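The values are calculated or read from the model by the stated rules, or taken from the named source; none is laboratory data. Source: prediction; values computed, not measured. Cβ placement follows ideal geometry from the backbone for every residue including glycine, while neighbour counts extend to all protein chains displayed. Surface areas here come from the heavy atoms of the whole protein model, side chains and all, with no ligands, DNA or RNA. Shrake-Rupley method; radii C 1.70, N 1.55, O 1.52, S 1.80 Å.
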Amino acid sequence: MTSQSAATLRSRYVEQAASDLEENRRRQQELADRITVLKQEEALLADILNLAERYEGFADASRLPEQSQDEPVVAKAKKAATATPSRRSASAGGTPAGTSAKADAKGKSRQPLLGDLLAELLGKYEEPRLAKELRDELLEKFPDRKPTPQVVRNTLESLVAKGRIRRHKQQRSVMYTVIK
């Protein structure tokens, strides 16, 4: 093997290694972003379970698809919470098993719900607003809250379903306003 062919081979290896390293770092960033989204979803799901526990006496006619018709929604949530205490306690912010979420909430102040914040932001405007605009304003006013665009859209759609806000479609854009 000549020194020129060895140098060419070496440069190819260096180029390939640099390319592989760049791809590896890009994939690491994608996974880190995905983990952030999953952690936000975990917090949202933990909040949903806490709300379900808080309003266990609340009668709701809506049922989950896999739920039998004679079993209440809250009983299903309680079964899930008691069936996996290690996952439940880890997602509830490290609350030890056996202590209630209400007792934990008394010790520290809770953040307002995302839906309430979005409805409050929407209430300041007469004209319809895009979900992106609302998310940008939310990030500006509440830097500690970092919901993904999908979480903001889902929350807005849940407010539409509850009748608190109205959806407007203009061509391909979806905009929202508060119902007065």
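Cα-Cα over 19 Å: which of 39/141; 132/180; 39/146? Result: 39/141; 132/180 exceed 19 Å.
Full extension of the chain between residue 7 and residue 23 yields a length gain of 3.3 nm, computed as 0.36 nm times the residue separation minus the alpha carbon distance.
Simple spin-label estimate for residue 16 and residue 110 gives 5.7 nm between the two label positions (7 Å along the Cα-to-Cβ direction from each Cα). Spacing of the modelled spin labels on residue 120 and residue 39, each 7 Å from Cα toward Cβ, amounts to 2.4 nm.
Tell me the per residue accessible area of the range 104-180 using a 1.4 Å probe; a whole number in Å² is fine. It would help to have the intermediate numbers written out before the result.
Details: 5130 Å² over 77 residues.
Accessible surface, normalised per residue, equals 67 Å².
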